[in-house]
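Below: one structure, written as structure tokens.
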Amino acid sequence: MSSPQDNILAENFHAAFSAHQDANAVGDLKSLSWLSAHRQSAFDQFQKEGFPTRHHENWKYTDVSRITKTGFITANPTHNAIQTDELDKLKFNTENCHELVFINGQFSAEHSDIGSLDDQVVIGSLRDALKNTPELIEKRFNQFAKKNHSRENHVFAALNTAFFHDGAFIYVPDNVVIEEPIVIYYISSHNEVMLTTAPRNLIIMGKNAQASVIESFHGLKGVVSFTNTITEIETEDGAVLEHYKVQQENTDSFHIGGTHLKLHRNSRVESHSISLGGAIVRNDIVTDLAGEGAEIILNGLYMGNGRQHVDNHTLVNHSKPHTRSDEYYRGVLDGRARGVFNGKVIVHKDAQKTDASQSNANLLLSDHAEIDTKPELEIYADDVKCSHGATVGQLDKNMLFYLRSRGLDADTAKSLLTFAFADEVIRRIKFAPIREQLEFNVGGRLPGSDLIKANLSSARQN
Amino acid sequence: MTSQSENIEVTTVEETTVENAQVETLVNAEYEHGFVTDIESDTIAPGLNEDVIRMISAKKDEPEWLLQWRLDAYRHWLTMDTPEWAHVHHEEIDYQAISYYSAPKSKGDGPKSLDEVDPKLLETYEKLGIPLQEQMMLAGVAVDAVFDSVSVATTFKDKLADAGVIFGSFSEAVKEHPELVRKYLGTVVPTGDNFFAALNSAVFTDGSFCFIPKGVRCPMELSTYFRINAANTGQFERTLIIAEEGSHVSYLEGCTAPMRDENQLHAAVVELIALDDAQIKYSTVQNWYPGDENGVGGIYNFVTKRGDCRGVNSKISWTQVETGSAITWKYPSCILRGDNSVGEFYSVAVTNNYQQADTGTKMIHIGKNTRSTIISKGISARFGQNTYRGMVRIAKTAENARNYTQCDSLLMGDKCGAHTFPYIEVKNSTAIVEHEATTSKIGEDQLFYCKQRGISEEDAVNMIVNGFCKEVFKELPMEFAVEAQKLLGITLEGAVG
């Protein structure tokens, strides 16, 4: 933070932070001194480190200077308006689900449909939960920050901690199974200025609890936004969670997201991360397999076109023996898009019998597109099975020829093969309404895709 | 290696587990080449400043442009920071505590033949198992032996000269072929390339120079033996190999060093240049003192090696067996500039006790139809930390570029580490890049299978490790493959060889 512009930015932040703390202190969260302490220490970290540059190994391929120039106008409770019909258009085709809606980072009770819940289950706004059940949150909140590791707790995560206003809070007590999926919509609808929203989510799964959570990010037509989101997930012994993150914001918007997971004994999480929108997108998924028998599945798809920049960082810590991780990420880059993948697996001392596999495949469709991939392994135990693979390639000429020889035009043939490549990830999504809509959206992005769309919609109707 | 097999027997009798028996053997395999030859050295006082550089240059009677080149490098080095990105840990190096020049004193103006070489020196080579006379007669290998910093004996010069090949010490080349040196020096590794390359450029004392003229196939394998001898003397070698159009050369480099307790810095620079249709094969066996079993002492080996496939259809192939050094920091790389050029990298890196290795390669694809292959095998034992760090970059201009990378790690013991950090950057949509990595330990099933057929534990581990490294060993020239296996046996397992 040396240049004059940075100094001005720092002063702005300082003023904003003071105002934010004051507002919280006089507001309804005044008794939560631990929360203020988290915010203060996160803000101190931000002031100390400043924004990352490409000299940071962690940001080697992603330049955030365009984001830092946005001015960071924080959304406030007045930014809470949306037309119901516009919202409905964005929703997944789901019946029977628990819906939470956040408009520009503000919880909208009006549009949310939480439905009926068992006793002790909490699904709702984090702000409300901080008022009603702070004891559930205090111990679990912001755990990753303690690690003080720049990769896990980078400056944008700290900014979220310092400035977050609200987010989703999900608490599933021991032995409770929530059958219906929990769908969280984050909609950016404000188009006068570029708003910064910092959703903060916390998901706690009790022993043997089960649930599916879908985080879906959207922007209304023409809306440009900066979303800086953090989700913390902790699963107790034997819990099972399916977590989806679908990012379909507008291609001028910025999105930086962190998902921090801590898995206890024999718990299992399936994470699906789909990035389709955004001008600059950065996703970090940091997993701590903190109990024996814990298992994480990481699936990911990123598609970029135009001048999109998509960066996916994943880090899996095998901290205990007999843990398993399986990662499968695919990227499709066209136009002048740039994709970044960095998947790191660390097998810590004594985490014997670890089984870790990782695969990253990329399809480069244009000479102006670029992919930078870096699969990493750090292993400090010997009785392990670890492998990773990364490939970069193009569509198979023989396959294209086959399709052309059957009368498909070049665009359709190309799109069909591209779609098949991407669908390898999407088809792993178990929850049908999301899978179908994503297939439809992914297919719809491709040139000459009418045929694919037609087939998909007829499949949907059947 | 009788003492090692005795150790095996003892531990087996005590019914120690397989792994423990192996690890014990590793521990007990003492560094075979540890001895100090007592030769008077012409050493300048420790410290580094412009005067020291002027002194080195003056001692070597260098032309003004080279001194200026050194000073530029030094001034640039002063502005640089020690790189910290490597996955290695060591105490900060005090560059002022190192003596930057050490030449063995010879009687007269330098030896004209082997008879004139200091007998003690020759004895040193004999202890290493590489007697020069024998090699002259048997192997037909020309040896440019670098003892500390000055070449003392060069053989087979005449035969090479007949073919038009220039092969000799760097200082000789500066005197006899200044135009060639000036034309190519620093064109692959610029003086400001990295911290250690800049340091080397400023203070390098000697090295090897090799020039293969147009259309010549070098009549023999070229080889250099490096040794570090005088205490507290960093060794800064500079090697420059130029293969003109259509020429072909295979170059061997082998290293051993005496046992010593203080860390010694070695920062060499190797530059290879291959013009149209030329081929360079560069093989290394590195067995410098790795420190004792407590991690005390050992060589710091911070090397910059880079080949430039400047011409079309050229090929540069690196093969390395890294068994020594306390810390290795080494990335032999290829710049595939010419169309259809080929880069290869085959590596076996072994870390035992407290050794740390951060090694790998860079393949920079610039020309069309360029191809590269990377095969890296890492073996870690006891507390050893072994890192593969590689980069494959496909530039926008590199149509139809192809890369295949495979890095495998073998872990022996539960305190060691194996790490993989590959960077893949692709800017051309016709490129095909594949990277694969696996990590495993010696399978209990494999061991069981061998033992069940009457093969002893030691032999079984031998076989498995040898098989693990086979893909790389087969790339080594015959003469070297034997030594490589021997060194692997000494350094690591006590099981191979």
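Bear in mind that the values in this text are calculations on the coordinates, not laboratory data. Source: prediction; values computed, not measured. Because the Cβ atoms are built from the backbone with ideal geometry, glycine has one as well, and the counts that use them run over all protein chains shown.
Is the C-alpha gyration tensor of region A:88-194 telling us rounded, prolate or oblate? Criteria: a/c under 1.5 is rounded; beyond that, a/b larger than b/c is prolate, otherwise oblate.
On the way: a/c = 1.94, a/b = 1.15, b/c = 1.70.
Taking the square roots of the gyration eigenvalues as a ≥ b ≥ c, region A:88-194 is oblate.
Please give the helix A:432-445 orientation as an angle from the longest Cα principal axis of chain A, in degrees from 0 to 90, rounded to the nearest 10.
60 degrees
What angle, in degrees between 0 and 90 and rounded to the nearest 10, separates the Cα long axis of helix A:450-461 from the longest principal axis of the Cα atoms of chain A?
Result, in degrees: 60.
Note the full-extension length gain between A:N96 and A:D119 as 0.36 nm times their separation in residues minus their Cα-Cα distance, in nm to one decimal. Don't jump to the answer; show the numbers that get you there.
Values: separation 23, 0.36 × 23 = 8.28 nm, distance 1.85 nm.
In short, 6.4 nm is gained.
When the dipole is taken about the Cα centre of region A:277-390, and only Lys, Arg (+1) and Asp, Glu (-1) are charged at their Cβ, what size is it in debye, to the nearest 20? Don't jump to the answer; show the numbers that get you there.
On the way: 12 positive and 17 negative charges, 57 e Å.
Around 280 debye, computed over region A:277-390.
Can you compute 3J(HN,Hα) from phi for each residue in region A:263-277, using the Karplus curve 6.51 cos²θ - 1.76 cosθ + 1.60 with θ = phi - 60°, rounded to whole Hz and x for Gly and Pro?
Coupling constants for region A:263-277: 10, 8, 3, 6, 8, 9, 10, 10, 10, 10, 10, 10, 10, 10, x Hz.
Treating only the Cβ atoms of Lys and Arg (+1) and Asp and Glu (-1) as charged, compute the dipole magnitude of region A:397-462 about its Cα centre; round to the nearest 20 debye.
Computed charge dipole of region A:397-462: roughly 160 debye.
Calculate how steeply helix A:33-49 sits against the longest principal axis of the alpha-carbon atoms of chain A, using the helix alpha-carbon long axis, and give the answer as 0 to 90 degrees to the nearest 10.
Helix A:33-49 sits at roughly 60 degrees to that axis.
Amide H to amide H, which residues 5 or more places from A:T259 or on other chains are under 5 Å from it, using H placed in the peptide plane?
Close amide H contacts, sequence-distant or interchain: A:T231, A:D284, A:I285, A:V286.
Taking 0.36 nm per residue of sequence separation and subtracting the Cα-Cα distance, how much length would be gained by fully extending the chain between B:T187 and B:E471, in nm to one decimal? Please report the intermediate quantities before stating the final value.
Values: separation 284, 0.36 × 284 = 102.24 nm, distance 3.19 nm.
Result for the pair: 99.0 nm of gain on full extension.
Counting only the backbone N, which residues of region B:173-209 are under 13 Å from the spot 7 Å out from the Cα of B:N49 toward its beta-carbon?
none
Multiply the residue gap between A:D85 and A:A109 by 0.36 nm, knock off their C-alpha separation, and tell me the result in nm, one decimal place. Provide the component values of the computation, followed by the final result.
Numbers: separation 24, 0.36 × 24 = 8.64 nm, distance 1.64 nm.
Gain on stretching A:D85 to A:A109: 7.0 nm.
Would you mind computing, in nm to one decimal, how far apart the modelled labels at A:R336 and B:E64 are, each placed 7 Å from Cα along Cα→Cβ?
5.0 nm
Residues with amide H under 5 Å of B:S429's amide H, sequence separation 5 or more or different chain, H placed in the peptide plane at 1.01 Å from N; which?
It is A:D367, by chain and number.
Taking square-rooted eigenvalues a ≥ b ≥ c of the alpha carbon gyration tensor, is chain A rounded, prolate or oblate, where a/c under 1.5 means rounded and, failing that, a/b exceeding b/c means prolate? Before the final figure, lay out each step's value.
Numbers: a/c = 1.34, a/b = 1.26, b/c = 1.06.
Rounded, since a/c falls under 1.5.
From the phi of every residue in region A:401-413, what ³J(HN,Hα) in whole Hz does the Karplus formula 6.51 cos²θ - 1.76 cosθ + 1.60 yield, where θ is phi - 60° and glycine or proline is x?
Computed from phi, the couplings for region A:401-413 are 4, 4, 5, 4, 5, 9, x, 7, 6, 4, 4, 5, 4 Hz.
Where the only charges are on Cβ atoms (+1 Lys, Arg; -1 Asp, Glu), what is the dipole of region A:34-396 about its Cα centre, to the nearest 20 debye?
Roughly 1160 debye, rounded to the nearest 20.
Can you pull the mean other chain C-beta count within 10 Å for peptide B:408-417?
Details: counts 1, 3, 1, 7, 1, 1, 8, 5, 4, 7.
That average works out to 4.
Apply the Karplus curve 6.51 cos²θ - 1.76 cosθ + 1.60, θ = phi - 60°, to the phi angles in region A:281-287 and return the couplings in whole Hz, x for Gly and Pro.
These are the phi-based 3J(HN,Hα) values: 10, 9, 10, 10, 10, 10, 10 Hz.
Any chance you could check the Cα centroid distance between region A:27-80 and region A:292-357 for me, in angstrom?
25 Å
Using amide H atoms built in the peptide plane, which far-off residues or other-chain residues are under 5 Å from B:V270 H to H?
Result for B:V270 returns B:T239, B:T304, B:K305, B:R306.
Neighbour counts of other C-beta atoms within 10 Å: give me B:M55, B:M412 arranged from fewest to most. Write down the numbers at each step before the final one.
Values: B:M55 15, B:M412 24.
By the 10 Å Cβ count, ascending, the order reads B:M55, B:M412.
As a test of the formula, what do you get for chain A when each DSSP H run with n ≥ 4 contributes -39,500 (n - 2.57) and the sum is divided by the residue count, at 222 nm and rounded to the nearest 500 deg cm²/dmol?
-8000 deg cm²/dmol
Give the shape of region B:349-497 as rounded, prolate or oblate, defined through the alpha-carbon gyration tensor: a ≥ b ≥ c are the square roots of its eigenvalues, a/c under 1.5 means rounded, and otherwise the shape is prolate if a/b is larger than b/c and oblate if not.
On the way: a/c = 2.29, a/b = 2.05, b/c = 1.12.
Prolate, since a/c reaches 1.5 and a/b exceeds b/c.
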